[in-house]
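Asker: Before anything else, here's the structure in question.
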Amino acid sequence: MRALFAGRRGGPPIAPGGGAIGGLIALVAAAMGFLAAAAAIAGLAAGEVAGRWSADLARVATVRVWTPEADGQGAREAAVTAALSVLAVTPGVAEARLIDEAAQRALLAPWLGAEADVSALPLPSLIDVRLEGAGPDVADVSRQLSAAAPGAEWDDHGEWRGPLIRAADRVRQAAAAGVALAAAALAAMVAVAAAATLWSGAGVVRTLRMIGAEDAFISRAFAGPFALRAALGAGAGALAAAALPFTLPQIGVETGLETGLAAGADLIVLAPLLVLSTALVAGLTALAATRAAAWLVLRRG
Amino acid sequence: MIEFESASVGYDGRVVLADVSLTLESGSLHFVTGRSGAGKTTVLRLIYLALRPDSGAVRVFGRDTREVPRREEAAMRRRMGIVLQDCDLLDHMSVMENIELPHRVAGRQPGPELKELAAWVGLGKRLDARPAQLSAGERQRAALARAVAASPDLIIADEPTGNVDAEAAARIMSLFVELNKLGKTVLIATHDLNLMRAAQGSRARVLKVEGGRVSRSGTPL
C-alpha cells in the first residue's frame, strides 16, 4: 500500500521527494484534517444532544389546568383532581403528578427570583406526566381531559422538540459543509502544489517521456507521494481533533448543560474510525487533485 | 527503419529543414553533422516524435509520425534509446536505479543483466553513486546504459560527447560502434570530428545538414 501511495513499483520513488512543497502539503492537510474532524465531531455531538433532549421530552408531557380566578381555589382543585383521575386510567401514562407551588416557584426562580409570590400570578396548575411505551393517543386523552376539566390542556412538548430537531439538522448540515469545504480546500491546495512541482520538475517529466513513459505513469509517479503526505497530515490533524473532547472539562447532566462533546466510550470507538476515514478521504482527494493537475500540465507540455 | 520524404519544418517563420528526403536502413550507423544551429537536433526531434514536419512526411518504424496519436508516442519511444547532451539522469536516483528506469516505465522487472550492462559501460563499481557524484563522462555512459537498457531498436544520441574530454568521448564512441555491431540502428548528431574519427573502420555514414538540406543516404565516413 505504501509503495502504491509512494508511486513506486519495486524501486525508489520516481518523482523527487517534493521538499518544501511536500512538507507544506502535509501541514495544510493536517490543518484541514483537524477542521474537518472537529466539524464532524461537532455535528455528531449536536445530533447526540438533540436526540437526547428530544427523547427526554418525548417521554414526558404536561397538562395545564386553567380555571377562572373568580371560580376560586375549590374549583381549581376540583379540576386538577378530575384531570388526575382521567390520567390515572389512561393507557400509556405511567405517572401523573401535580407540580406543587414550591416546585413551580423553583421552576420560575431563574426568571422571577426565588422570593417571588407565585400565587399572585395567573398561572395554571401544572401536572407532570411520565409516559410509558408509545404514550397515549393524544387526541383521545385531550378529548377526555376537556370533558372532565374544561380548562385542561395536553402538551406533548412537540412545540419544543420540532425546533430542536431542526436545529440539530442544521448543525449537522453545517458540519457536513465544513467537511466538504475542508476537502475542497485541500484538493485545491494539492492541485496547485502538484502543478507547481510538475512545472519545476520539467526535467524529470522530459526524461520520463524520453524513455517512453505514458502520461498516466508520470502523473501516478507524482500523485503517489502527494497523496501519502496528505493522508498522513490529515490523519494527524484528525487525531488532534479527536483528542480534543478528552481535554475538555466534563460537564455533566447534573448541571443541565450537557454538550454531547464529553469523551466517552462512543468517542473512544469513533476516534480511530474518524482518523482513518479522514486520512483516507484526504489521500484520495490529493490523489485525484494531483492527477487532474498532472493531466492539465502534461497535456500542455 | 527511418524515412524522410520531402520533409520541411521551421520555427518562428524560419525554415530549418527544407524538402529533406533520406532513408536510414535498419542496423546502420549514421552521424548527423553540421555547424551549430544547422538543424541536426531538429532531424533527431523529428524522429523521436518531439516534432512533426510542417510538410512532407517522416516515417519511423514504418509509421508516418503525423498520424501517430499522442497516446501512442510513448510506445514508439520505448523502441528508441535516446541520449541527450545533458544526460537527463534523475538526480535523486542512483546510477543503477537510473539504468533500471526504462524497465520500470515499461512495467517490467529489471533483471541481473542490467548490472552487466553497467559494467559494460564501465560503471560496474559506481552503481550506488548519484549522478552528482559522477564525472561528465561517467554521466554520459550512465545515460547511454539507460538508453540501451530496454534493448531498443534505434539509438539516438544528440551531442553525446559535448561535455566530456577526448578520452571519454572515444570510449563512448566505441560503445556506440559496439552497439551497432550488435545490430542496433544508431544515429548520432555531433559536430565533433574527433568523435567521428573514433568510429573509423566502422560502416558509419555521414549525413551533413547544410542550408536546410540533408544528403539522402549520407556519405561514407
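The values are calculated or read from the model by the stated rules, or taken from the named source; none is laboratory data. Here the structure is a predicted model, which is why all the values come from computation and not from measurement. A quick note on method: Cβ atoms are made from the backbone with ideal geometry, for glycine too, and the neighbour counts reach across all protein chains shown. To get the accessible areas, we keep the full protein, side chains included, count just its heavy atoms, and leave off ligands, DNA and RNA. Shrake-Rupley method; radii C 1.70, N 1.55, O 1.52, S 1.80 Å.
Asker: Does the range B:106-130 hold any residues that are surrounded by 14 or more Cβ atoms within 10 Å (Cβ to Cβ) and within 11 Å of chain A (Cβ to nearest Cβ), and which are they?
Answerer: Hits for the range B:106-130 are B:A106, B:P110.
Asker: Quick one: which helices (runs of 4 or more DSSP H) lie wholly within the range B:128-221 and hold at least 3 residues that are assigned by TED's automatic domain parsing to the domain that holds B:F4?
Answerer: B:193-197
Asker: Now, a different point. Please state which one of A:A116, A:A120 is out of contact with any Leu (no Cβ under 7 Å at 6 or more places or on another chain) and over 14 Å from A:A61 (Cα atoms).
Answerer: After applying the criteria, what remains is A:A120.
Condition check ((1) away from chain B (no Cβ under 14 Å); (2) touching a residue at least 12 places away in the same chain (Cβ under 8 Å); (3) out of contact with any strand residue (DSSP E or B) (no Cβ under 7 Å at 6 or more places or on another chain)) across all residues:
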site	(1), (2), (3)
A:V141	yes, yes, no
A:D156	yes, yes, no
A:W160	yes, yes, yes
A:L164	yes, yes, yes
A:L181	yes, no, yes
A:T197	no, yes, yes
A:A202	no, yes, yes
A:D215	no, yes, yes
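Asker: Turning to a different aspect of this structure: Mind counting the residues in the range A:157-207 that are open to solvent by less than 60 Å² (accessible area, probe 1.4 Å) and either outside any helix (DSSP H, G or I) or under 17 Å from A:A227 (Cβ atoms) (or both)?
Answerer: The number of residues fulfilling the criteria is 18.
Asker: Answer with yes or no whether A:V80 is open to solvent by less than 30 Å² (accessible area, probe 1.4 Å) and within 30 Å of A:R172 (Cβ to Cβ).
Answerer: No.
Asker: Name the residues in the range B:33-60 that are within 13 Å of another protein chain (Cβ to nearest Cβ) and either in a loop (DSSP other than H, G, I, E, B) or surrounded by fewer than 20 Cβ atoms within 10 Å (Cβ to Cβ) (or both), would you?
Answerer: Across the range B:33-60, the qualifying residues are B:R45, B:Y48, B:L49, B:A50.
Asker: Go through the range B:88-105 and report how many residues are under 21 Å from A:A216 (Cβ atoms) and either surrounded by fewer than 19 Cβ atoms within 10 Å (Cβ to Cβ) or more than 8 Å from every other protein chain (Cβ to nearest Cβ) (or both).
Answerer: Final tally of qualifying residues: 1.
Asker: Between residues in the range B:27-55 that are among the hydroxyl-bearing types (S, T, Y) and residues that are in a helix (DSSP H, G or I) and open to solvent by less than 10 Å² (accessible area, probe 1.4 Å), which pairs lie under 8 Å by C-beta distance while being six or more apart or on different chains?
Answerer: B:S28/B:N180
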